[in-house]
Amino acid sequence: MMYKCEGCGATRELNKSTTVHRNDKWVVKEALCSCEKDKYMKEVLTKEHEGFPTIKRNDSGQKL
Ligand SMILES: [Zn+2]
C-alpha cells in the first residue's frame with residue numbers, strides 16, 4: 001500500500017503495516033515520517049480500492 005505524508009509530500013510503499021496507538025490516534029508504525037516529530041503518512045487510496053465494497057470509518061484518519 002502507498003502512504004503519503006501530508007506535511008512534506010513524501011511517499012512510501014509499505015508491504016506490511018502495523019497499526020499502533022500513539023497520541024490518541026491509530027497510526028501505521030512503518031509510515032512514520034522524519035519531517036516532523038510524530039508525523040505519520042496517511043494511506044493513499046489508489047484505483048485498487050475503488051469498487052472494493054468495504055465500509056471504513058476512516059473520515060478523520062482514525063481506524064476503529
Ligand atoms: Zn513528512
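Nothing in this text is a laboratory measurement; each read-out follows from the coordinates by a stated rule. Note that the structure is predicted; figures quoted are calculated from it, not measured. So basically every Cβ, Gly included, is an ideal-geometry build from the backbone, and we count neighbours across all protein chains shown.
Between THR11 and ASP38, what length in nm is gained on full extension when 0.36 nm per residue of separation is reduced by their alpha carbon distance? Could you put the intermediate results ahead of the total?
Working: separation 27, 0.36 × 27 = 9.72 nm, distance 1.60 nm.
In short, 8.1 nm is gained.
With just the Cα atoms of region 2-48, tell me how far they stretch along each of the three principal axes, in Å, largest first.
For region 2-48, the Cα extents along the three principal axes come out at 31, 21, 15 Å.
Using Cα pairs under 8 angstrom and six or more residues apart, how large is the relative contact order of region 2-48, in percent? All intermediate terms of the calculation are to be shown ahead of the outcome.
Values: 71 pairs, mean separation 18.8, N = 47.
Computed value for region 2-48: 40 percent relative contact order.
By the scheme Lys and Arg +1, Asp and Glu -1, what is the net charge of all other residues having a beta-carbon under 9 Å from that of GLU30? Numbers along the way, then the final one.
Values: positive: ARG12, LYS16, LYS29; negative: none.
Here the count lands on +3.
Please give the net charge around LYS16, taking every other residue with its beta carbon less than 14 angstrom from that of LYS16, where Lys and Arg add +1 and Asp and Glu add -1. Write out the running numbers ahead of the final one.
Values: positive: ARG12, LYS29; negative: GLU13, GLU30, GLU43.
Result for the neighbourhood of LYS16: -1.
How about region 2-38: which trypsin sites (Lys or Arg not before Pro) there lie in a loop by DSSP and see at most 12 other Cβ atoms within 10 Å? Don't jump to the answer; show the numbers that get you there.
On the way: sites: LYS4, ARG12, LYS16, ARG22, LYS25, LYS29, LYS37; in loops: LYS16, LYS37.
Here the trypsin sites (Lys or Arg not before Pro) that fit, given the DSSP loop and packing criteria, are LYS16, LYS37.
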